[in-house]
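Asks: First the structure, then my questions, so here it is.
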Amino acid sequence: MTQARYSTVAIILHWLIAALLVWVVLLGWEASDLQGSAKVAPLQLHKPLGITILLLTLFRLGWRLTHRPPAISPHLKPWERRLASVAHWGFYVILLALPLTGWAMVSASKLITVFPIDMFGLFNWPALSFLTSLPADQMKATHEALENAHHLMAKLIVYGLVPLHVLGALKHQFIDKDNEMARMIPFLARKDAQ
Ligand code: HEM
Ligand code: HEM
């Protein structure tokens with residue numbers, strides 16, 4: 001079966017953001033295994049990469065809302081469509097909420113002046129001023145709440161959405177053999193069309 005596929009821009013953004021997500025999560029985990037000043041190096045890279053995901057996801061959402069994706073394959077069962085749709089929109093929500101909570105979390109800390117969000121040596125991403133000016137006790141409580149939300153959402157995407165999405169894609173490819181994956185992997189589409 002020959003599959004319609006997403007636009008080249010949508011495909012590039014899909015795989016670029018997926019790769020960045022893996023990198024950012026590995027850096028977050030590395031930092032969480034370390035103590036004291038050893039955390040600084042992985043976190044100083046984690047932060048600008050997370051902000052990059054935020055910017056790319058905003059662009060991707062804009063693209064998605066202004067460019068019609070390929071029509072949903074007619075053979076998909078209603079529950080498959082619903083589940084795929086929940087996973088896709090869930091990804092967009094969490095790919096925005098995770099970097100936003102990260103940004104807010106580091107803004108609600110005195111350490112932001114020592115370790116700013118350094119965008120690869122080009123410029124410093126600004127801190128959220130309404131959080132940097134909180135009184136000390138409120139700042140601490142806000143920081144903790146945001147940190148908990150950040151960790152919880154990271155768990156949700158890593159242990160929930162990604163396995164659901166990838167297992168779904170593999171089920172279609174290898175059990176249903178409907179070549180759904182060609183919608184996001186052009187190389188499969190070309191092979192299929194021969
Ligand atoms: C999609 C983007 C992001 C993902 C997937 C992500 C994921 C993670 C993960 C998995 C951890 C480790 C959690 C743990 O210890 O269990 C973490 C920690 C952390 N993240 Fe992010 N993050 C993102 C964006 C950001 C951004 C934009 C910032 C700040 C600008 C940030 C700041 C931090 C900090 C400071 C920690 C360490 C918190 C602690 O003390 O445990 N993150 N993040
Ligand atoms: C090996 C890993 C992955 C595979 C094989 C894969 C495959 C696919 C395929 C085939 C589609 C098209 C689904 C359809 O329209 O029927 C898709 C869509 C999507 N994927 Fe992935 N994906 C992977 C990883 C990821 C990751 C890590 C993320 C999150 C960062 C992600 C986010 C999305 C989103 C949001 C869509 C919906 C696009 C839209 O319609 O706007 N994917 N993926």
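Since every read-out is calculated from the coordinates, none of them should be taken as a lab result. For clarity, every value in this text was computed on a predicted model and none was experimentally measured. In this analysis, Cβ positions are derived from the backbone assuming ideal geometry, glycine residues included, and neighbour counts consider all displayed protein chains.
Asks: How much length is gained if the chain between Leu122 and Trp23 is pulled fully straight, taking 0.36 nm per residue apart and subtracting their Cα-Cα distance, in nm to one decimal? Numbers along the way, then the final one.
Replies: On the way: separation 99, 0.36 × 99 = 35.64 nm, distance 2.03 nm.
Additional length available on full extension: 33.6 nm.
Asks: Here's another thing I want to ask about it. Could you give the length gained on full extension between Phe115 and Thr132, defined as 0.36 nm per residue of separation minus the Cα-Cα distance, in nm? Walk me through the numbers before you get to the answer.
Replies: Working: separation 17, 0.36 × 17 = 6.12 nm, distance 1.33 nm.
This chain segment gains 4.8 nm when fully extended.
Asks: Cα-based count: Lys pairs in segment 38-194 below 18 Å, eight or more positions apart or different chains? All intermediate terms of the calculation are to be shown ahead of the outcome.
Replies: Values: Lys39/Lys47; Lys39/Lys110; Lys47/Lys110; Lys47/Lys155; Lys77/Lys171; Lys77/Lys177; Lys110/Lys140; Lys177/Lys191.
Going through segment 38-194 pair by pair, I get 8.
Asks: While we're looking at this one, here's another question. For segment 92-139, what number results from the quotient of the Cα radius of gyration and 2.2 N^0.38 Å?
Replies: On the way: Rg = 11.6 Å, N = 48, 2.2 N^0.38 = 9.6 Å.
It is 1.21.
Asks: Select from the chain the helices, each a whole stretch of DSSP H, whose alpha-carbon atoms run 20 Å or more along the helix axis and whose Kyte-Doolittle mean is at least -1.0; answer none if there are none.
Replies: Values: long enough: 8-33 (38 Å, 1.75); 40-66 (39 Å, 0.94); 78-107 (43 Å, 0.73); 136-155 (28 Å, -0.76).
Those that clear 20 Å and a mean of -1.0 are 8-33, 40-66, 78-107, 136-155.
Asks: If you don't mind, another one. Pulled fully out, how much extra length does the chain show between Asp176 and Ser37, if you take 0.36 nm times their separation in residues and subtract their Cα-Cα distance? List each step's numbers first, then the result.
Replies: Numbers: separation 139, 0.36 × 139 = 50.04 nm, distance 5.00 nm.
Between Asp176 and Ser37, full extension yields 45.0 nm more.
Asks: Let me ask something else about it. With n ≥ 4 as the cut-off for DSSP H runs, can you work out [θ] at 222 nm for the chain, using -39500 (n - 2.57) per run divided by the number of residues, rounded to the nearest 500? The partial results should precede the final answer.
Replies: Values: 7 runs with 124 residues, N = 194.
Helices in the chain give a 222 nm mean residue ellipticity of -21500 deg cm²/dmol.
Asks: Test of understanding: ordering Ser32, Ser109 by Cβ neighbours within 10 Å, fewest first, what list do you get?
Replies: Working: Ser32 12, Ser109 19.
Fewest-to-most Cβ neighbours within 10 Å comes out as Ser32, Ser109.
Asks: Under a point-charge model restricted to the Cβ atoms of Lys and Arg (+1) and Asp and Glu (-1), what is the dipole moment magnitude of segment 103-183 relative to its Cα centre, in debye to the nearest 20?
Replies: Details: 6 positive and 7 negative charges, 15 e Å.
For segment 103-183, the charge dipole is close to 60 debye.
Asks: Let me ask something additional. Would you mind checking the radius of gyration and Dmax of the chain based on alpha-carbon positions, in Å?
Replies: Rg, Dmax (Cα atoms, Å): 19.4, 66.
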